[in-house]
Structure formats: C-alpha cells, structure tokens
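The values are calculated or read from the model by the stated rules, or taken from the named source; none is laboratory data. It should be emphasised that the depicted structure is a prediction, and the values quoted were computed from it without experimental measurement. We place every Cβ from the backbone using ideal geometry, glycine too, and count neighbours over all the protein chains shown. Just so you know, the surface numbers come from the protein's heavy atoms only, side chains and all, with ligands and any DNA or RNA stripped out. Shrake-Rupley method; radii C 1.70, N 1.55, O 1.52, S 1.80 Å.
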Amino acid sequence: MVSPVTVVKSEGPKLVPFFKATCVYFVLWLPTSSPSWFSALIKCLPIFCLWVFLLAHGINFLVSHRSASRILAGLIFSALGDAFLIWQEQGYFVHGLLMFAITHILYSSAFGMKPLDLKAGLLMGVVSSSCYAFLYSYLSGPFTYLVAVYIALIGFMGWRAVAGVQLCNDLWTWTKLSACVGAMLFMVSDLTIALNKFCFPVPYSRFIIMATYYAAQMLIALSAVETRDEEDFRKRS
C-alpha cells in the first residue's frame, strides 16, 4: 500500500489551485439573491480545478482507468448542477437535482459493486429511509417522489463508498477511506440543502453546504488516485 505521506507529496501540489479557488469563493461570498454568470463561475471554479487535477494525470490514464473517468464525468455534471442551483429561485432547482442525481450514479459506478457488504447497504438504507421519513411531511407535488429517488441514489452511492473501505478485513487504503468520507460529507451537504429548502432555516446553512460539498468533491476526486496505484500494482504482480 502506498504511504499517505508519499501520496500527499505527489498529489498535494496538484490540488493547490482547488484550495485557492475555494478560498476565492468564501472570500467573495457573492450574494445568492442576485445570481449571475460571474457568481456561477466563482461557485464552479473549485470543481473546474478538480477537473484539472484529474486531467493532470494524463488523458491515457483517464481513458484506461474507467473509475477515474467516471469520477471526472461526475465532476462535470456537478459543475452543471452548481450552475443550475445558482438560479434555483428562477425555477432551475429540479435541473440541478437531476445533474447531481447523474453525478451520484457515476460515482456509484466508479466505486463498483465489490465487495458487496450487505451490512453497510442495510445501514445506509436505514439512514436514507430515516432522512426521507423526516422530510416526507414537508414535501408536496413532484418533490414527494423526486426527493425519494434522489435520496435513494445518494444513499446507494454512500453504500458503495462505505463498502469499499473494508476496515474489519484490514484491506482499507487511504484513498478508499477518502471516498467514504467524501460520500458522507456529500450526504451531509445535500441533507442540509433539503432541510433548509423544505423544512426550516438552518443556521449558517450556506457555509455548511458549501464547505462539506467542496471537501466531499475533493476527497472523491482523490480516490481516483487509488485506481492507478492498484492497477499498476496488479500489472507488476
């Protein structure tokens, strides 16, 4: 297994633009009441930097490693979702929801179905069902089923990320743990959005949503590094 220190030294510099772009977003803190293409650019800029982070490993790497290419595709749909959500008050919330639903499908595919880990699946099913049961009384119209489908998709994505860690079998790697933590943070971010939009105002909601969201995307993007390490190891074996 590759040492985390070694990976941080090799991958850390590639993430510097992401950290700078994230700082720009929080420093400018553009008002959500006046959406514009500039505010959309600033919001999406950290995600663009994660595109560059993955592309920095080379096109051949992305073409030959399907998991990494699916994570890149997920980041592309995430940026589209971010842009739509800038104009959510103008009727584009559902469009953003659809983009992120596709993102979760792509991430689930990237994490794969092995190992299955039904216990983790049951746990995530209980968590997802509990979240929907709480939200249900606040939902109406199309959101009653749209939110149900979305929660099922992000719950499935969380299951596949958790299943990959295998802490009990001592088969975990830092990048699998990165994917797992990233998936959990993504769920926290989306749950905060749902509570704030459908239920009640969440204090500091925007900060919580964006801080957990950017951290989640960074950690999931980092998990693509493992694909390279594992497959290179198998080729040498």
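Key figures for this structure:
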read-out: Karplus-derived HN-Hα couplings along the range 201-216 (A = 6.51, B = -1.76, C = 1.60, θ = phi - 60°), whole Hz, x at Gly and Pro; value: x, 9, x, 6, 4, 4, 5, 4, 4, 6, 5, 5, 5, 5, 4, 4
read-out: Karplus 3J(HN,Hα) series, Hz, for the range 188-200 with 6.51 cos²θ - 1.76 cosθ + 1.60 (x for Gly, Pro); value: 4, 4, 6, 5, 5, 4, 5, 4, 5, 7, 9, 10, 7
read-out: Crossing angle, helix 37-55 versus the chain [Cα axis fit, 0-90 degrees, rounded to tens]; value: 10 degrees
read-out: Degrees, to the nearest 10: 93-111 long Cα axis against longest axis of the chain; value: 20 degrees
read-out: Helix-only CD estimate at 222 nm, as mean residue ellipticity for the chain, using -39500 (n - 2.57) per DSSP H run (n ≥ 4); value: -25500 deg cm²/dmol
read-out: In degrees, nearest ten, helix 143-163 long axis to first principal axis of the chain (Cα); value: 20 degrees
read-out: Angstrom value of the Kirkwood radius, inverse mean 1/r, which spans all Cα pairs in the range 89-135; value: 12.9 Å
read-out: Integer Hz, Karplus 6.51/-1.76/1.60 couplings in order for the range 17-33, x for Gly and Pro; value: x, 4, 5, 5, 5, 5, 4, 4, 4, 6, 6, 5, 6, 4, x, 6, 6
read-out: Per residue accessible area in Å² of the range 62-211, where ligands, DNA and RNA are left out and the probe is 1.4 Å; value: 50 Å²
read-out: Semi-axis lengths, Å, the chain, gyration tensor of Cα atoms, sqrt of 5 times eigenvalues; value: 29, 23, 14
read-out: Cα-based convex hull, the range 160-222, per residue volume (Å³, whole number); value: 82 Å³
read-out: Rg(Cα) / (2.2 N^0.38 Å) computed for the range 39-120, rounded to two decimals; value: 1.24
read-out: Whole-percent carbon and sulfur share, accessible surface of the range 52-127, 1.4 Å; value: 71 percent
read-out: Solvent-accessible surface ranking, highest first, for 11, 89 at 1.4 angstrom; value: 89, 11
read-out: Cβ-Cβ FRET estimate between residue 122 and residue 28, R0 fixed at 45 Å, reported to 0.05; value: 0.55
